[in-house]
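Quick notes on the structure that follows.
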Amino acid sequence: MTLEIFRIDDRLVHGQVVVGWGQPCSLGFLVLVDDEVARSEWEKELYRMGVPPEMEIVFDSVESAVARLAGYRADARAGMLLTGDIDTMARLVAAAPDIRTVTVGGVHHKPGRVPRSRYVFLTPAEEARLLELAAGGVTVVAQDVPQAAATPLEVMLRGEGPT
Amino acid sequence: MNEPTRDIIAGHGTYAAGMLSALEQIAGRADRFIAVSNADLEPGAIEALLRATIAAHRSRVIFTDLSAGSCTIAARRIQRDQPGLVLVTGAALPTILSYACGGDLLKSVEQGRTALTVVEGKRDP
């Protein structure tokens, strides 16, 4: 076991993460990477409240996550790293090129975004960012829950992902 | 005349709508609540929807399904500037039903806890 899943999810800690992935994958820890959350004790407490006692949650900025990534990878427990947006994950990958797979778990509707699947809505800039990740050798897939098949980026961008 | 206040049931999928359906069937009290679903909504939109619903119905209590759910997180954010708002997480039908029928909130929560039981079958001798 190790830090296995690098997930982009605008809801960060929520039911799909804690229960949907947490239980079947026996997740022992979550790494929430968000510069703003990492600076705010109130935000951290908010997300701690949603995590069951058997699961640890740690908070990092992009910078501190890069510094601690090797330690997370060496952890004997299964773990998931979460970012709330594509840009944060892209900055992390740029500084930690050993991240080889990124899962888009949920990027929901906002003005300017167009639907790519039931749970992925993207602006042109966000789409370009994901394509840049893929061009850099990262496998980008869309997958909301472990029981669902992982949809490759190119399939998702054609709008042929899960509906 | 003012519309009566209505509290909120919020959660994943059709959880809240299902609760309303059950409340109506059992006690005819679906009118005490507004159902909110987080389906397809990003966190800011969930919070905005809850804020608008609270304002429109002068809601005092929000019942949510999961303590880790996005509706719970949104409600906690609202409590920051609306400290009078009460949040009940992990809410199942016995709690909401008791509250809908006029029960005290804390007693209704306790009733929900008591109602959660495991009944194992026994083979006939």
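Summary of values
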| item | result |
| --- | --- |
| Nitroxide proxy distance, nm - points 7 Å out along Cα→Cβ at B:Arg113 and A:Arg118 | 3.6 |
| Only Lys, Arg (+1) and Asp, Glu (-1) charged, at Cβ; the stretch A:52-110 dipole about Cα centre in debye | 160 |
| Likely footprinting exposure, B:Phe33, A:Phe59, fewest C-beta neighbours within 10 Å first | A:Phe59, B:Phe33 |
| Cα centroid separation - the stretch A:7-77 against the stretch B:1-37, whole Å | 33 |
| For the stretch B:92-98, 3J(HN,Hα) per residue [Karplus equation, 6.51 cos²θ - 1.76 cosθ + 1.60, θ = phi - 60°, Hz, x = Gly/Pro] | 10, 4, x, 5, 5, 4, 4 |
| Cα-centred dipole magnitude for the stretch B:7-115, charges only on beta-carbon of K, R (+1) and D, E (-1), debye, nearest 20 | 280 |
| Chain B: relative contact order as a whole-number percent, Cα under 8 Å and 6+ apart | 25 |
| Average beta-carbon neighbours from other chains, 10 Å sphere, peptide A:45-55 | 3 |
| Assigned charges on the beta-carbon of Lys, Arg, Asp, Glu; the protein assembly as shown dipole about Cα centre (debye) | 540 |
| Per-residue Cβ neighbour rank within 10 angstrom, fewest leading, B:Asp65, B:Asp124 | B:Asp124, B:Asp65 |
| Of A:Gly28, A:Gly79, A:Gly112, the one that fluctuates the most in a GNM where chain A has Cα springs shorter than 10 Å | A:Gly112 |
| Förster radius 45 Å - calculated FRET efficiency between B:Arg58 and A:Arg158, Cβ distance, rounded to 0.05 | 0.45 |
| The stretch A:27-141, relative contact order [Cα under 8 Å, separation at least 6], % | 25 |
| Of A:Pro124, A:Pro52, A:Pro111, the one that fluctuates the most in a GNM where chain A has Cα springs shorter than 10 Å | A:Pro111 |
| Contour excess over end-to-end distance, with Cα ends at B:Lys122 and B:Asn2 and 0.36 nm allotted per residue | 37.8 nm |
| Degrees, to the nearest 10: A:62-73 long Cα axis against longest axis of chain A | 70 |
| Relative exposure of B:Thr72, A:Thr2, judged by other C-beta atoms within 10 Å (fewest first) | A:Thr2, B:Thr72 |
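Here, each number is a calculation from the coordinates, and none is a lab measurement. Model, not experiment: these values are computed from the prediction. Cβ: placed from backbone, ideal geometry, glycine included. Neighbour counts: every protein chain shown.
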